[in-house]
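The values are calculated or read from the model by the stated rules, or taken from the named source; none is laboratory data. It should be emphasised that the depicted structure is a prediction, and the values quoted were computed from it without experimental measurement. For neighbour counting, all protein chains shown are included, and Cβ atoms are generated from backbone atoms with ideal geometry for every residue, glycine included.
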């Protein structure tokens, strides 16, 4: 599934919380870990021959510090049984990370939501947010807590929200891979409109002959939804049942707020949410799908985003 696991770090404890997941995924899939750090400095106002030398000197010193830091993290990982390589990148962090990861489309990038930027409630860290909107690689976003060290993860379920589209189903191979890596079950989720929503909007349909309402009632439409969802999710579950060791359940929720329904479902037990970045809405210009983006920004659980 993945060729390697790339973990961008910045020297902060919060960024290192990505290491809660990276070794588990890498070891279960027998792929290497690559620790990377982007080195960037604020350039002087004037770039003449002298200041260019100053910039090169500052960058070289910054890169040496990064190499020493990454080597220390690598040693800690190796002491716990995981092997890793280290790479220092030059450039603005988000751009450098995306450029580096893009050279290997099969690499999984694992990032914490907050590094040196500190914690802002219910928002992604700026670097992670920029990477999320630009990277073509699968990206596992780990919500950093206000603790000083990465803690062991506990994931019981990999939650896969689906909308019936082939785009959304692109997450399924990653769902199976993550479930195997984390020893978790799989939950397939579909969210449809509420009966009240249909009741309100079906009442606005024009009347047919003799003043009779066209179509079906709100209750009939909601019941049709439930049957269609049951059939669809059951067919997906049947396809996944062949995956060794996976326990697969299905769930259907009615809600007008799809993102909130996904987050509520994930909060019921320790979960990891895996979503494709676009569903029925199609591709947006260098942006994730609106529902996926909303979930990634507001959920407390880790989110695996598949472009």
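Below is a table of values for the structure above.
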| quantity | calculated |
| --- | --- |
| Matching residues in the range 155-166 - criterion: being at pLDDT below 95 and crowded, with 18+ Cβ neighbours inside 10 Å | 155, 163 |
| Boolean, residue 11 is surrounded by 13 or more Cβ atoms within 10 Å (Cβ to Cβ), under 23 Å from the mean Cα position of the chain (by Cα) and at positive phi | yes |
| Condition check for residue 75: modelled with pLDDT of 95 or more, more than 25 Å from residue 102 (Cα to Cα) and exposed (fewer than 13 other Cβ atoms within 10 Å of the Cβ) | yes |
| Criterion (in a loop (DSSP other than H, G, I, E, B), under 25 Å from residue 304 (Cβ atoms) and under 21 Å from the mean Cα position of the chain (by Cα)) met by exactly one of 28, 3 | 3 |
| Condition broken by residue 36, with the remaining ones in (1) closer than 28 Å to residue 83 by Cβ; (2) in a helix (DSSP H, G or I) satisfied | (2) |
| Selection from the range 102-130 of residues that are surrounded by 24 or more Cβ atoms within 10 Å (Cβ to Cβ), modelled with pLDDT of 70 or more and either assigned to a helix (DSSP H, G or I) or over 15 Å from the mean Cα position of the chain (by Cα) (or both) | 127, 128 |
| Selection status of residue 231, more than 22 Å from the chain's Cα centre (by Cα), in the same structural domain as residue 176 (by TED's automatic domain parsing) and either modelled with pLDDT of 95 or more or surrounded by fewer than 14 Cβ atoms within 10 Å (Cβ to Cβ) (or both) | yes |
